[in-house]
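Read the structure below first, then the notes.
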Amino acid sequence: MKKLLLALFVVAASLILVSPVAATWGLEEGIDGYVYADGVPVAGITVTVRRVDTGDLEGFSVDEGTLGTDTTDSNGYYHIAWLEGLGTEYYVTAFTPVGPITAKVTSCCGTTVRWDFCYHVPTLGYWRHEFNAWINKDGLSHHEDFSDLEEWVTQLGSQYDLDGNGDVTILECQTIYNSVEHKGLWHQLTYDLNTLAGYI
């Protein structure tokens, strides 16, 4: 019996010595950073990390523990760790309100790579175009069916109700953006629309 146990121990030990051992990666092997909208940190932005060679999500959110995905906190910060490292290339994507932004990042063993994203919120020129496109129905709007635009307008404040009938219309917003007479409302209307659209 002792000889059998000794033989099993020797076999098990030899298997351990010759078997490849899977590498373990830790908190240090990761990608972190911030997402900004015109220099202001943005919370609630989804960030993903995918291997370039396979397209698979990799790593885990430090806070949420989700595979290859994190959501920015109140400071605009994200952190995905436990990546393979060793010069592996990843696509890091921030899904912002104005569209996804992707960067190719190379991670290193034992280090966290910092990668920040910055996007610009729509300007008053953007919104002027949207309302003109809606009125002209020329198909150039970024909102293909315009339903979002119509919904946001109904939530605007009374200062944009030019005819005083109690509700704001797309035509009134177009009038504001296309008339110097209402220039004093341009920036506030842009801010309110960006807020309603979730851009800020």
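The values are calculated or read from the model by the stated rules, or taken from the named source; none is laboratory data. Everything quoted here is computed from the prediction, not taken from an experiment. Using ideal geometry, Cβ is built from the backbone for each residue, glycine included, and neighbour counts are taken over all protein chains shown.
Of note:
- Restricting region 157-200 to residues that are under 30 Å from N75 (Cβ atoms) and aliphatic (A, V, I, L, M) leaves a set whose member that is modelled with the lowest pLDDT is I200.
- Yes/no for D73 being assigned to a loop (DSSP other than H, G, I, E, B), modelled with pLDDT of 90 or more and more than 13 Å from D116 (Cβ to Cβ): yes
- As a summary of the residue check, V98 satisfies the conditions (1) over 28 Å from G55 (Cβ atoms); (2) touching a residue at least 60 places away in the same chain (Cβ under 8 Å); (3) in contact with a His (Cβ under 8 Å, 6 or more places away or on another chain) except for the one numbered (1).
- Of all residues making up region 83-122, the number that are at pLDDT 95 or above and outside any strand (DSSP E or B): 2
- Against the list (1) touching an Asp or Glu at 6+ places or on another chain (Cβ under 7 Å); (2) modelled with pLDDT of 90 or more; (3) closer than 25 Å to G198 by Cα, the condition E64 fails is (2).
- Whichever residue in region 10-47 is of a type in the set (S, T, N, Q) and over 22 Å from the mean Cα position of the chain (by Cα) and, among such residues, is modelled with the lowest pLDDT: S19
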